[in-house]
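Asks: Next up is a structure, given as structure tokens.
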Amino acid sequence: MEKIHATTVLAVQHEGNIAIGADGQATMGNTVAKSQVKKIRKLRDGSVIIGFAGSTADAFTLLERFEEKLNAYSGAFERAAIELAKDWRTDRYLRRLEAMMIACSKEEMLVISGTGDVIRPDNGIAAIGSGSMFAQAAATALKKHAKNLTAREMVEEALHIAADICIYTNHNLIIEEIGKA
């Protein structure tokens, strides 16, 4: 049986706000398995928002571990992300998990992967998943040329552009925001 995979998750930081969104499509091979999957989750009473791509069960395991790390380090966002990435890379069970995450707090966004990467994007745009390059390119152009848009509007428009191009991305979007600290 084929794994359910593929998605597009995009986060944009603009004028002190961060918006993160994802499409709702899950596929099995070349078939749409579900069109309304929620790939954005709030942690710590909404002070942290996570978007995930990859295997759903694996992503939920990582979400739980990240929340444990946040609690263990008193909400220290970057420290929790680094500790999760270290565990993910070295733990015999965790390193088999097939997922990626974008984690956002009020101040920052990080891309966390199973290869031990914790990346803070230079331009305030992070994207993961099958349509990530389309969404990132669209968000980069919008951020550069449409400065009157909010972070949320940039995420929404860029995800719709990605959905027009990527067959593994649909127009059923979930978008969450974290405002200025």
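Asks: Of all residues in segment 1-22, which are at pLDDT below 85 and either part of a loop (DSSP other than H, G, I, E, B) or charged (D, E, K, R) (or both)? Reasoning before the result, please.
Replies: Step one: of segment 1-22, the residues at pLDDT below 85 are 1-6.
Matches in segment 1-22: Met1, Glu2, Lys3, Ala6.
Asks: Exactly one of these conditions fails for Thr90: (1) over 22 Å from Gln25 (Cα atoms); (2) of a type outside the set (Lys, Arg); (3) crowded, with 17+ Cβ neighbours inside 10 Å. Give me its number.
Replies: (3)
Asks: Also, quick follow-up: Take the residues in segment 139-156 that are farther than 14 Å from Asn17 by Cα and over 16 Å from the mean Cα position of the chain (by Cα); name whichever of them is surrounded by the most Cβ atoms within 10 Å (Cβ to Cβ).
Replies: Initially, segment 139-156 is screened for residues farther than 14 Å from Asn17 by Cα, giving 139-142, 144-146, 156.
This time we only want the ones that are over 16 Å from the mean Cα position of the chain (by Cα), so: 140-142, 144-146.
On the way: Thr140: 17, Ala141: 14, Leu142: 21, Lys144: 9, His145: 9, Ala146: 11.
Looking at the filtered set, the residue picked out is Leu142.
Asks: Kindly indicate whether Asn71 is touching a Ser or Thr at 6+ places or on another chain (Cβ under 8 Å) and modelled with pLDDT of 90 or more. Break it down stepwise before answering.
Replies: Values: touching a Ser or Thr at 6+ places or on another chain (Cβ under 8 Å): no; modelled with pLDDT of 90 or more: yes.
When the stated conditions are applied, Asn71 does not pass them.
The values are calculated or read from the model by the stated rules, or taken from the named source; none is laboratory data. What you are looking at is a predicted structure, and each value in this text was computed from that prediction instead of being measured. Backbone-built Cβ (ideal geometry, glycine too); neighbour counts: all protein chains shown.
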